[in-house]
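The values are calculated or read from the model by the stated rules, or taken from the named source; none is laboratory data. Just so it is clear, the model here is predicted, and its values are computed rather than measured. Cβ atoms come from the backbone with ideal geometry, glycine included; neighbour counts cover every protein chain shown.
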Amino acid sequence: MDIARIDPIRGSLIGMAPLIAGCGAILVISSWGLRLGGFDLDAQAFWDELRRAYHVPDFWLWVYLVLAVGNAMLPSAADRQSWGVALLFAAFAGIILYFTGLLDTFSQPVARWAQSTASQLTYAFGVTVAVDLAFAILLFVVEQGLGLLGFGRVHYR
């Protein structure tokens, strides 16, 4: 199959699409599906929020969707090749907004939205990492147990 050459801006947009769409999907699932309020560094508040979310209808479906999207949304190395152009463009746009004075106009509403969004994404990604870690430990124990029973051993490099 032939792959057409594209310019760096389109390549950046194509490369960022899985990450942006995945973050958007997880944000929607965590805020509307799981009704998570956001991330708090207090461990007790974290567990209280999870206990509250557990009583949401279709809790396991929402958790599965967060795990599926969270584990599949990372772009490949080929997709990340042209990200430098996108970062350069974003920096250039930020400099223009700063020197024209428009940054002050957008800063407060954008900062509140960014903080809320980052808080919800952090919470959802934290749940994803915790569940992934639990499954990794479970799989490790099963692999070691099967190895001790004589079914062969897995060697990681």
When Leu74 is evaluated against the numbered criteria (1) closer than 26 Å to Arg10 by Cα; (2) outside any loop (DSSP other than H, G, I, E, B), which criterion, by number, is the only one it fails?
(2)
Return yes or no: is Leu74 among the hydrophobic types (A, V, I, L, M, F, W, C) and either surrounded by 18 or more Cβ atoms within 10 Å (Cβ to Cβ) or touching a strand residue (DSSP E or B) at 6+ places or on another chain (Cβ under 6 Å) (or both)?
no
What do you reckon, is Leu88 at pLDDT 85 or above, assigned to a helix (DSSP H, G or I) and hydrophobic (A, V, I, L, M, F, W, C)?
yes
Which ones in segment 27-63 are surrounded by fewer than 10 Cβ atoms within 10 Å (Cβ to Cβ) and at pLDDT 80 or above?
Gln44, Arg51, His55, Pro57, Trp60
Identify the residue in segment 41-81 that is without any contact (Cβ under 8 Å) to a residue 40 or more places away in the chain and charged (D, E, K, R) and, among all such residues, is nearest to Ala134 (Cα to Cα).
Arg51
Go through (1) in contact with a helix residue (DSSP H, G or I) (Cβ under 6 Å, 6 or more places away or on another chain); (2) free of Cβ contacts under 8 Å to residues at least 12 places away in the same chain; (3) among the polar types (S, T, N, Q) and name the single condition Ser31 misses.
(2)
Please go through (1) in a helix (DSSP H, G or I); (2) more than 14 Å from Tyr123 (Cβ to Cβ) for Trp47 and return the number of the only condition it doesn't satisfy.
(2)
Residue match in segment 57-67 (condition: out of contact with any Cys (no Cβ under 6 Å at 6 or more places or on another chain) and outside any helix (DSSP H, G or I))
yes
